[in-house]
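Student: Please read through the structure below; I'll follow up with questions.
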């Protein structure tokens, strides 16, 4: 178990310090895991979540097609005029919009859509883009925590524990709403001096003509129709059992066909380094999972909690959050769900409860909501904690707004701690008061 952990830690060191490109570090780490036989080649390939990769590739092609029409410039100018050039007002509006969209779309799709508009707005208003982009990733992870479909860990928990969309909405949206209000207040205090626009910039915004931004009106109409069908597919696919990655990839190809785009041009604009980074990360983490690293961590939690339900729930919250800030939260949740399901009957026997309804309400739900809150919110801790963070960093880099590991952590980690304190208080008041 120690050697695969060592390989992962060395690779993670290079990813965090950016001494070498993080994609190179992740792929060398994956190669070592396979080459040193910590995991079989076939098993490592099987561990790559193609749904995530297909979703990324498909939505990158969609956004590139829409970008060519000028629709993002049009939307950026419209929003800037609506806010009368006030950068702080626009930032607050964007965070609210990001959180709401992430609750109903997945957070990766949300940041892929929001990032181009944000960068253009920042250029128009002459304000720094990097802090705002980081905040968008943070608020996408928070917003996605509120629903079953907003974040992959919630989808996994829902599918393996038979919790419904309404269960997630009723139990997780209250703390998420509190987090959004509190963190927007914190953000306003942090950015009130740095996100200021000049009088000259505001006058230029007032004189701008949004309609001049649309370069390909016919292509835009076709693209928006296909985009609407893709969004409908995201919602309908949950019912039909079709993964969003397939919907995004197939929908992007339909958009390329309908809009008569060159497929080579479209594929060139895919962030292939991001795709390969995720592939390497998935393979490295699968090696840790193969050697039962996550199960050992879970058993350690049970041991130190000494059979106390409240201590166990709150430890799961903080453990899953810190772990999710370091590694991808998907395999972590996959390993933690069987552990949580296994300790539920142990607690039921210890507490003398045999009614299934009471077991669900008093034992299962505190543990499962702690896992969901920890895994989703912990992604804000570092750049590699959530897929949305990595994607927005690559989009920013391509637009000459580099987001480093430590610049993300400087903003993301404090926001993660504040959101976890709110989640901690919520779990205590809701289940143990």
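Read-outs throughout are calculated quantities, based only on the coordinates presented, and are distinct from any laboratory measurement. It should be emphasised that the depicted structure is a prediction, and the values quoted were computed from it without experimental measurement. Here the Cβ positions follow ideal geometry from the backbone for every residue, glycine too, while neighbour counts run over all protein chains shown.
Student: Can you give the extra length, in nm with one decimal, that the chain gains between residue 36 and residue 96 once fully stretched, where that is 0.36 nm per residue apart less the Cα-Cα distance?
Tutor: 16.9 nm
Student: Further question on the same structure: Counting alpha carbon pairs within less than 8 Å and at least 6 residues apart, what relative contact order, in whole percent, applies to the chain?
Tutor: Values: 629 pairs, mean separation 109.3, N = 433.
Normalised by residue count, the contact order of the chain is 25 percent.
Student: Also, I was wondering about something else. What does the extension gain come out to for residue 6 and residue 45, with contour length at 0.36 nm per residue minus their alpha carbon separation?
Tutor: Values: separation 39, 0.36 × 39 = 14.04 nm, distance 2.10 nm.
Between residue 6 and residue 45, full extension yields 11.9 nm more.
Student: If you don't mind, there's one more thing I want to ask. Roughly how compact is region 266-315, stated as its Cα Rg over 2.2 N^0.38 Å to two decimals?
Tutor: Relative to the 2.2 N^0.38 Å estimate, region 266-315 comes out at 1.87.
Student: Give me 212, 193 sorted ascending by neighbouring Cβ count inside 10 Å, so fewest comes first.
Tutor: The most exposed by this proxy come first: 193, 212.
Student: Still on this model: Measure nothing but the geometry: give the 0 to 90° angle between the long axis through the Cα atoms of 130-144 and the longest principal axis through the Cα atoms of the chain, rounded to 10°.
Tutor: For 130-144 against the chain, the angle is about 50 degrees.
Student: A further question on this structure: Between residue 24 and residue 209, take the C-beta separation as r, use R0 = 30 Å, and let me know the FRET efficiency to the nearest 0.05. Before the final figure, lay out the partial values.
Tutor: Details: r = 45 Å, r/R0 = 1.49.
Here the calculated transfer efficiency is 0.10.
Student: If you don't mind, there's one more thing I want to ask. Return P(r) of region 52-106 (all Cα-Cα pairs; 10 Å bins starting at 0; whole %; ordered from short to long distances).
Tutor: 20, 37, 37, 6
Student: Okay, next question. Of the peptides 375-384, 177-186, 101-110, how do they stack up when ordered by the mean number of other Cβ atoms within 10 Å, highest first?
Tutor: On the way: 375-384: 29.0, 177-186: 16.0, 101-110: 25.9.
The densest-packed peptide leads the list: 375-384, 101-110, 177-186.
Student: Can I ask one more? Among 426, 41, what is the fewest-to-most ranking by other Cβ atoms within 10 Å?
Tutor: 41, 426
Student: Put one equal scatterer on each alpha carbon of region 224-368, apply the Debye formula with no solvent term, and list log10 I(q)/I(0) at q = 0.09, 0.10, 0.19 1/Å to two decimals.
Tutor: So the normalised log intensities are -0.49, -0.57, -1.10.
Student: Let me ask something additional. Limiting things to C-alpha atoms, what are the Rg and the maximum Cα-Cα separation (Dmax) for region 137-192, in angstroms?
Tutor: Rg and Dmax of region 137-192, Cα atoms, are 13.1, 44 Å.
Student: Extending each Cα 7 Å along its Cβ direction at residue 406 and residue 418, get the distance between those two points in nm, one decimal.
Tutor: Result for the modelled spin labels: 2.3 nm.
Student: Can I ask one more? Write down, largest first, the equivalent ellipsoid semi-axes of the chain in whole Å, where each equals the square root of 5 times an eigenvalue of the alpha-carbon gyration tensor.
Tutor: Numbers: eigenvalues 269, 127, 90 Å².
Three semi-axes, in Å: 37, 25, 21.
Student: Counting pairs of alpha carbon atoms under 8 Å apart in space and at least six apart in sequence, what relative contact order in percent does region 179-323 give?
Tutor: 13 percent
Student: Right, next: Along the Cα-to-Cβ line of residue 166, 7 Å from the Cα, sits a label point; which residues in region 351-373 have backbone N less than 16 Å from it?
Tutor: From region 351-373, the list is empty.
Student: Cα convex hull of region 1-125: how many Å³ per residue? Present the calculation step by step, with values, prior to reporting the outcome.
Tutor: Details: hull volume 19.8 nm³, N = 125.
Spelled out: Cα convex hull of region 1-125, divided by residues, is 159 Å³.
Student: Roughly what angle does helix 2-17 make with the longest principal axis of the chain, taking Cα atoms, 0 to 90 degrees, to the nearest 10?
Tutor: Tilt of helix 2-17: around 30 degrees.
Student: A follow-up question, please. Rounded, prolate or oblate: which one fits region 282-402, using the alpha carbon gyration tensor with axes a ≥ b ≥ c (rounded when a/c is under 1.5, else prolate when a/b beats b/c, else oblate)?
Tutor: It is prolate, given that a/c is not under 1.5 and a/b is the larger ratio.
Student: Tell me the angle of helix 244-258 to the major Cα principal axis of the chain, expressed in degrees between 0 and 90 and rounded to the nearest ten.
Tutor: With rounding to tens, the tilt is 20 degrees.
Student: Relative contact order of region 325-433, please, whole-number percent, based on alpha carbon pairs below 8 angstrom and at least 6 residues apart.
Tutor: 32 percent.
Student: If R0 is 51 Å, what FRET efficiency do you get for residue 432 and residue 84 from their C-beta distance, rounded to 0.05?
Tutor: Working: r = 47 Å, r/R0 = 0.93.
Efficiency for this residue pair is about 0.60.
Student: A further question on this structure: Choose one answer from 275, 242, 230: the residue with the largest mean-square fluctuation in a GNM of the chain with alpha-carbon springs under 10 Å.
Tutor: The residue with the greatest mean-square fluctuation here is 242.
Student: Computed over the Cα atoms, what is the radius of gyration of region 102-201 divided by 2.2 N^0.38 Å, N being its residue count?
Tutor: In units of the 2.2 N^0.38 Å rule of thumb, it is 1.28.
Student: When Rg is the radius of gyration of the Cα atoms in region 351-433 and Rh is its Kirkwood radius, what does Rg/Rh come to?
Tutor: 1.20
Student: Right, next: Determine how many Å³ per residue the convex hull of the Cα atoms of region 296-350 encloses.
Tutor: That works out to 68 Å³ per residue.
Student: Ok, one more. Please work out the Cα center distance from region 226-252 to region 352-411, rounded to the nearest Å.
Tutor: 24 Å
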